[in-house]
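Below: one structure, written as structure tokens.
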Amino acid sequence: MRKPILAGNWKMNKTHGEAVSFIEEIKGNVPSANEVETVVCAPALFLKEMNDKAAGSDVEIGAQTMHFEENGAFTGEISPAALKDMGINYSIIGHSERREMFNETDESVNQKVHAAFQHGITPIMCCGETLEERDGDKTEAVVREQVEKGFKGLSAEQVTQVVVAYEPIWAIGTGKSSTAEDANETCGTVRKIIAALYDENTADAVRIQYGGSVKPENIAGYMEKEHIDGALVGGASLKPDAFLQLVEAGK
Ligand code: PEP
């Protein structure tokens, strides 16, 4: 049985005060972490205080990205060791916006996934195709390359701890969500790719989220699908009420 995981990705939104009051508002109202993992991936600036406020609750705080090196001359970057030192246990890795705008590649994503494991951080590794790739029937080839390269050098045990977020790029922030059937089909394809790389048991243990214009009105359709174990949610994760509805539906 795979435990569902619902993660919000705030991107570059909210002030410090808004971030802290969001956590105050939701922390007593999310389902038990035994039923669903609830993660809020916030701007790095707020992580420490949000995590302190969430202490003892069923809410986990995550980063939206991290560097693969522990420290050094990487101006503006986020050290995985510093994240862990603040008590942060999750990081999104290889979000399409990072790949598109900040030059992240499958190779750097792979380095970051390894670094996450070195520091005891659960990687939420993103993959997904552009509209052009989808229209060109290349979805499977694209996610195959992203998963194969992203997982390079990982043990089967580590792979079972990775959360894969399948996010078709054309569905992110556009309001044009994938149908639950299509999303499930590609999440199933990701699982087959992992089974071929490792084995069926490993693939069965990996949690795969769908992401792309998920909201309270459509999440149930995804959650009932065989291969979808949760969601990575951008826009709809910004309001406490909507976020709580999403997490509740994630159970
Ligand atoms: C995301 O940021 O990963 C995302 C899926 O955004 P949205 O839910 O707004 O489409």
Return yes when residue 212 is touching an Asp or Glu at 6+ places or on another chain (Cβ under 9 Å), in contact (Cβ under 8 Å) with a residue 40 or more places away in the chain and under 25 Å from residue 246 (Cβ atoms) and no when it is not. yes
Let me confirm something: among 189, 174, 179, which residue is out of contact with any His (no Cβ under 8 Å at 6 or more places or on another chain), more than 16 Å from the ligand (Cβ to nearest atom) and of a type in the set (Ser, Thr, Tyr)? 189
All positions within the range 1-39 that are in a loop (DSSP other than H, G, I, E, B), within 16 Å of the ligand (Cβ to nearest atom) and either farther than 26 Å from residue 97 by Cβ or touching a Gly at 6+ places or on another chain (Cβ under 7 Å) (or both): 11
What helices (runs of 4 or more DSSP H) lie completely within the range 40-103 and have 2 or more residues being among the β-branched types (Val, Ile, Thr) and within 23 Å of residue 3 (Cβ to Cβ)? none
The correct count of residues that are surrounded by 16 or more Cβ atoms within 10 Å (Cβ to Cβ) and within 15 Å of residue 163 (Cα to Cα) in the range 116-146 is 12
Would you call residue 247 closer than 23 Å to residue 109 by Cβ, hydrophobic (A, V, I, L, M, F, W, C) and open to solvent by less than 10 Å² (accessible area, probe 1.4 Å)? no
Can you give me the number of residues within the range 207-234 that are among the hydrophobic types (A, V, I, L, M, F, W, C), within 11 Å of the ligand (Cβ to nearest atom) and either closer than 17 Å to residue 2 by Cβ or surrounded by fewer than 21 Cβ atoms within 10 Å (Cβ to Cβ) (or both)? 3
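The values are calculated or read from the model by the stated rules, or taken from the named source; none is laboratory data. These figures come from a predicted structure and were not determined experimentally. Glycine also receives a Cβ, built like all others from the backbone with ideal geometry; neighbour counts cover every protein chain displayed. Quick note on the areas: whole protein, heavy atoms, side chains included, nothing else; ligands and nucleic acids left out. Shrake-Rupley method; radii C 1.70, N 1.55, O 1.52, S 1.80 Å.
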